[in-house]
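Structure first, commentary second.
Where a number appears in this text, it was derived from the coordinates with a stated rule and is not lab data. The model shown is predicted, which means the values in this text are computed figures rather than measured ones. Cβ placement follows ideal geometry from the backbone for every residue including glycine, while neighbour counts extend to all protein chains displayed.
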Amino acid sequence: MSFPDGFVWGVSTSAFQIEGATSADGRGPSIWDTFLADHAGACDHYHRYRDDVGLIRDLGVSAYRFSVSWARVLPDGEKVNPAGLDFYDRLVDELLGAGVAPYATLYHWDLPQALEDLGGWPSRDTAHRFADYAAAVHERLGDRVDTWFTLNEPWVAAFLGYGAGRHAPGRTSTADAFRSAHHLLLAHGLGARALRAAGAAKVGTVLNISPVMTPAQVGDPARPLAEEDAEAVARIDVLANRQFLEPLLRGAYPDELLPVVERACGDLGHVRDGDLGIINQPLDLLGVNYYTPLVVQAQPSEPADPAWPGSEGVLFCTVPTAVTAMGWPIVPDCLTRLLRRLSGEYPDLDLMVTENGADFVDVVTGDGIHDVDRVHFLEEHLRAVRSAIDAGARVRGYLVWTLLDNLEWADGYRRKFGLYHVDFATQRRRPKDSALWYRDVIRRGALPPTRPKRPTLETVA
Ligand code: GBH
C-alpha cells in the first residue's frame, strides 16, 4: 500500500476556525464574526502559530494548506492593512523554515463585513474586490508561496450562506444564492487571472464535490435506477457539482441548470457576456474536499430544501452504514468513485484531496487521546485514494482535515476533527493517536501493514 514518489502529504486548516485574535493588528470584522456569538478565541493560532508550525513539522507533512483572512488584509474592504499581511508573512517564513510548503487559500467563507454591507456575494462588485485582494496577498507572499487556491467550497458559501441561512451571513434567498454562486465563480476567474499575471506558479480552486446516489447505490454502484430516481440524482448532481465544474473546466453552465436559475432569479441578467470565459481559466490543480456522499431518491410529496433550490420531489436519505459523530455516513469507496469520475471526465486535470477527515468523540486519558475511529476513517480513505490512483486517477496529494480541534462554524467548539486535541481552557495541544499514526504513514510513504485494533473492554480496564 505505498504511494507514488512525490505524492504530497499534508494537513489543512482555515483562518476563521483557528486564528482567534479577531481585532488584533487592525483586523476588521468578517461575516462570521457577526453571525456567531462565541468565536473570538478559537485556537488562538494567531499568537501560537510558531508552536503550531512545530506540530505541523512533527507530522512530517510536505504541505500545509491554510487560508488568509480577507478581513485582516482589507479590514474595511478597501484599504490594505500591512499589519494583517505581516502575520501571513511570519507564518510562511516559519513554514519554510520547517521544510513545509505553504498552500494558501484566499477565501474560506470569511467575507469582510464591510463588503457584506455593500451587498456581499449577490453583488457583482465583490468579485472584483476579490481580485484586488488576491493581488495584494500575492504581492506580499508570492515570492515564497507557489500554490494558490482561490476559493474553498463555493457551494457552501452561496447555498448555505445566502440560500438556507445556516451559514454566515444567514440570508435566505434562492435568487441571492444563485447570484452568489455565479459571482464566486467570477471571483475565482478574476482572481486566478490576477494571480497568474503576477507570476503565481500554481493556481487552483477547491470544491466540495459530492458523489450523488440512491441508498441502494451506496453499496452497489452499478445498481440500475428507476427513471424517477435517476432524475432526482441528476438534478442534485447539477446543483452540487456540475454547476461549478463545468463553468470552471468547460466554460459553460449545464443546460439543465439555466431554467432553474432563471426561475429563482426572474432572469439571467447576472450572467453577463464574457463571464464564462473569465471563469474558465487554466487550472493547475483542482482541490477536492470529500467527507460523505449525497444520498437521494425520488419522493413526489417532498418540498424543496432551501439549500437545494429546485429540489422539489427529492428526498435526502440516511443510509444504514457506519456514521461519524455528526451522523455523516462513512463511505470510503465513494472517494474512489469520485476521483475516477473526475479523472475520466477531465483527463488532463491534476487532482488533490484538499480535505478529508471526521468528527468523532475522542477518548481522553492521562496517557493520550485515543481516536481509533479517526485512524480507521483515515486509513480506509487513504486506501480509497490509492485504489483511484491504481485505476489511473491523477491524484497528486492528500491533506487531512484538520490539524487542530477548532471552531466548526455554526456547530461551535463541540465538533472535533483535529489530529491534535485542544483544551480550549488552556489552549494546550496534545497529539491524538491519529497524529502519531499519520506521522508513521508519511514516514513510510505507505499504509502500515496492520491497522490499530479497537480497544476491548478488557484492554480499556
Ligand atoms: C468542510 O466543508 C469545510 O471546508 C471545513 O471548513 C469544515 O470544518 C469541514 O468541512 C468539516 O465540516 O446539512 O445542508 O447544512 C464540508 C462540506 C458541506 C459538509 C455542507 C456539511 C452540511 C450540509 N460541508 N454539509 S447542510
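Give me the lysines in straight-line cross-link reach of LYS416: C-alpha distance below 25 Å, same-chain residues under 8 apart excluded.
Partners found: LYS432, LYS453.
For ILE279, ILE389, ILE442, what's the fewest-to-most ordering of other Cβ within 10 Å of each Cβ?
Listed from fewest to most nearby Cβ atoms, that is ILE442, ILE389, ILE279.
Return the distance in nm (one decimal) between the two label points of a simple spin-label model at LEU36 and GLN299, each offset 7 Å from Cα along Cα→Cβ.
Taking the simple label geometry, LEU36 and GLN299 are separated by 3.0 nm.
Would you mind ranking THR292, THR105 by Cβ crowding within 10 Å, fewest neighbours first?
Result, fewest neighbours first: THR292, THR105.
Report D for the stretch 298-352 in µm² per second (integer): Stokes-Einstein, Kirkwood Rh on Cα pairs, 37 °C, 0.692 mPa s.
233 µm²/s
Give me the net charge for the shell around ARG414: Cβ to Cβ below 10 angstrom, other residues only, Lys and Arg +1, Asp and Glu -1.
-2
Taking the alpha-carbon distance from LYS202 and a cut-off under 28 Å, which lysines remain once sequence neighbours fewer than 8 residues away in the same chain are dropped?
Answer for LYS202, where 28 Å is the Cα cut-off: LYS79, listed by chain and number.
Would you mind counting up the charge near HIS270? Only other residues with Cβ under 15 Å from its Cβ, with Lys and Arg at +1 and Asp and Glu at -1.
Result for the local shell: -2.
Compute the distance from the alpha-carbon center of the stretch 1-75 to that of the stretch 251-292, in whole Å.
Cα centres, the stretch 1-75 to the stretch 251-292: 29 Å.
As a test, work out the antiparallel percent of DSSP beta bridges whose residues both lie in the chain, rounded to the nearest 5.
If I count the DSSP bridges inside the chain, around 25 percent turn out antiparallel.
As a check on your grasp of the helix formula, calculate [θ] at 222 nm for the chain: sum -39500 (n - 2.57) over DSSP H runs of n ≥ 4, divide by the residue count, round to the nearest 500.
-11500 deg cm²/dmol
Got a sec? Charge dipole of the chain, +1 on Cβ for Lys and Arg, -1 for Asp and Glu; which of TRP308, ILE330, ALA168 is way out at the positive end?
ILE330
Which order do ASP275, ASP146, ASP367, ASP44 fall in if you start with the one that has the fewest other Cβ atoms within 10 Å?
ASP367, ASP146, ASP44, ASP275
Where the Cα atoms of the stretch 331-431 are projected onto their three principal axes, how long is each span, largest first, in whole Å?
48, 26, 19 Å, listed from the longest principal axis down.
Calculate the translational D of the chain in whole µm² s⁻¹ from Stokes-Einstein, where the hydrodynamic radius comes from the Kirkwood formula applied to all Cα pairs, the temperature is 10 °C and the viscosity 1.306 mPa s.
Once the numbers are plugged in, D ends up at 71 µm²/s.
What Kirkwood hydrodynamic radius do you get for the stretch 197-353 when you take the inverse of the mean 1/r over all pairs of distinct Cα atoms, in Å?
Taking every pair of different Cα atoms in the stretch 197-353, averaging 1/r and inverting gives 17.2 Å.
Excluding GLY28 itself, calculate the net charge of residues whose Cβ lies under 12 Å from the Cβ of GLY28, where each Lys or Arg counts +1 and each Asp or Glu counts -1.
Cβ neighbours under 12 Å give a net charge of -4.
Stokes-Einstein D for the stretch 36-127 at 10 °C, 1.306 mPa s, Kirkwood Rh over Cα pairs, in µm²/s?
108 µm²/s
Applying 1/(1 + (r/R0)^6) with R0 = 22 Å to the Cβ-Cβ distance of LYS202 and ARG451, what FRET efficiency is obtained, to the nearest 0.05?
Using R0 = 22 Å, I get an efficiency of 0.05.
Using a 7 Å offset from the Cα along the Cα-to-Cβ direction at both ALA216 and ASP58, what is the distance between the two label points in nm, to one decimal?
5.0 nm
Ratio of the stretch 261-307's C-alpha Rg to 2.2 N^0.38 Å, to two decimals?
1.78
Using Cα centres only, tell me the gap between the stretch 298-328 and the stretch 129-207 in whole Å.
Between the Cα centre of the stretch 298-328 and that of the stretch 129-207, the gap is 27 Å.
Mind ordering 329-342, 147-160, 47-60 by average Cβ neighbours within 10 Å, highest first?
Per-residue mean Cβ counts within 10 Å order the peptides as 147-160, 329-342, 47-60.
Rounded, prolate or oblate: which fits the stretch 180-219 when a ≥ b ≥ c are the square roots of the eigenvalues of the alpha-carbon gyration tensor, with rounded for a/c under 1.5 and prolate only if a/b beats b/c?
It comes out oblate by the Cα gyration axes.
Take every Cα-Cα pair in the stretch 148-282 and report what % of them are more than 27 Å apart.
26 percent
Arranged from highest to lowest average of other beta-carbon atoms within 10 Å per residue, in what order do the peptides 193-203, 215-225 appear?
Descending mean neighbour count gives 193-203, 215-225.
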